[in-house]
1. Residue check: is A:ALA84 among the small types (Gly, Ala, Ser), in contact with a helix residue (DSSP H, G or I) (Cβ under 8 Å, 6 or more places away or on another chain) and buried (at least 17 other Cβ atoms within 10 Å of the Cβ)?
2. For region A:136-154, which positions are in a loop (DSSP other than H, G, I, E, B), free of Cβ contacts under 8 Å to residues at least 40 places away in the same chain and either in contact with a helix residue (DSSP H, G or I) (Cβ under 8 Å, 6 or more places away or on another chain) or not charged (D, E, K, R) (or both)?
3. Is it the case that A:ARG111 is within 15 Å of A:LEU151 (Cβ to Cβ), touching a residue at least 12 places away in the same chain (Cβ under 8 Å) and surrounded by fewer than 18 Cβ atoms within 10 Å (Cβ to Cβ)?
4. Among the helices (runs of 4 or more DSSP H) lying completely within region A:8-106, list those that include at least 3 residues that are in contact (Cβ under 8 Å) with a residue 40 or more places away in the chain.
5. Can you name every residue in region B:136-173 that is surrounded by 13 or more Cβ atoms within 10 Å (Cβ to Cβ) and modelled with pLDDT under 80?
6. Among the residues of region A:155-182, write down those that are of a type in the set (D, E, K, R), assigned to a loop (DSSP other than H, G, I, E, B) and within 15 Å of A:ARG111 (Cβ to Cβ).
7. Does A:ALA59 qualify as being in contact with a Phe, Trp or Tyr (Cβ under 7 Å, 6 or more places away or on another chain), farther than 24 Å from A:THR165 by Cα and not assigned by TED's automatic domain parsing to the domain that holds A:GLU162?
8. Please determine, by comparing only the residues of region A:99-125 that are more than 23 Å from A:VAL58 (Cβ to Cβ) and polar (S, T, N, Q), which one is modelled with the lowest pLDDT.
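The values are calculated or read from the model by the stated rules, or taken from the named source; none is laboratory data. Since we're looking at a predicted model, the values are computed, not measured. Neighbour counts run over all protein chains shown; Cβ positions are idealised from the backbone, glycine included.
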Amino acid sequence: MNVLSVTPVTHCQVELTVQQKRFQIIGLILTMVYAAAIVWLYATEPRSFEEMATGAQVAAGTYQVDQEKFNAALALFRREQFPAARDEWQRADPAQKDPTTQFYIAYAFYREGWGRVYNDQNLFQQGLEPVNRAIALAPGSLTIPDENLQLHTATELKAELEQGTERNWRDLNPLKVFRTRK
Amino acid sequence: MSKELTIASYKLRNVSLVKYLLLPFIFLSVALLGGLRVNDGNHAFAFMPPPLFTLVLSVLLLLLFVRGGLVELRSLISVENPPLTNIAHVWLLITIFFAGAQAFNSVLPEHGLLHWLFSFFFLWTLWNNQFSSFDARRLLRSLAVLFGTAFVLKYMLLASLYSQDGGWLKRVAGALLSGVTLGTLDAPVFAPATGYISFFTIGLYIAGLVLMGFDHQRAD
């Protein structure tokens, strides 16, 4: 067997090994990405294809609040239609990842639950959840520069909601009826 | 000579495509769909991670594959293989393991006495098979029957007993069964889509195993 007859075979063997290696690398990368997507699905547990798409947007960092729905909700909020406003905000931020929207949802609970004689404990309690989410989502201290609101930070709103859920002797103070809604 | 090399090249490409891309993809799809349920009322997805017991069953199944010759562990992972090949084979085994766990998860009732009855039935069968003489073909046939039986019991027999829109006889039988066993046989009701997903999952899993058997024969 001379050198000339051996060379092409060796070259082809090398070529085949390279091809196999290419398949292995491509296969490993593609299937590992697929496996990561499966783990992500089981971790986030989306309930529909829509939630799946929203979750993917959040994971990719391209998630944005629907500004049109947000503005519509704000208009409803200013007209004191709080349940409708909350519904609209929830549609604007389905992934519950926008601190501003979560702040407004909590504020809607506060305003609806506030009463001159007594506060609706249930609504105040429900308001704590979005305000805590807003605090957790905001990178620093969350401040909303809205002139129609009297509480501009999430921590102030949280304190107000927590105070409203507590029961103490001050609740019996008749002068309480003179306080104003914030 | 050139023609032989071309054929060898095609063969290697096809085998590599199946072994490193198609099989992991199939087994990962089984892992994804095995835990997927669709709720009856609102048609919302529910993702059920594999219970601990299905992982144990999957280990037994993997041992059975090695014993039955469907997985040739010595040739798959060897010091003589290039590191990348070993990594790709370990990854394939991981996907087979999770696919097995999720295939069991798919056909096991979610909770209650039936979950444990089915689990015991699987454990008993797999444990007995560890001591039987098997070849790859017989093993595949046995697995197809095992998963097929569990599928029929869960998605056809039990689902029809607990179905809301079944006839009065079905509902009476379901209520009696539930009452006699003090509710321990209660099963969650899922949308019919769950049965279809499970059927597809089990089919895909068996197809993946058959393909693995073919791939193994080609390699021989």
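1. Criteria not met by A:ALA84.
2. A:ALA138, A:PRO139, A:GLY140, A:SER141, A:PRO145, A:GLN150, A:HIS152
3. Taking the combined requirement at face value, the residue satisfies it.
4. A:49-60
5. Passing the criteria: B:LEU158, B:ALA159, B:SER160, B:LEU161, B:TYR162, B:SER163, B:GLY166, B:LYS170, B:ARG171, B:ALA173.
6. A:ARG179, A:ARG181, A:LYS182
7. yes
8. Selected residue: A:ASN119.
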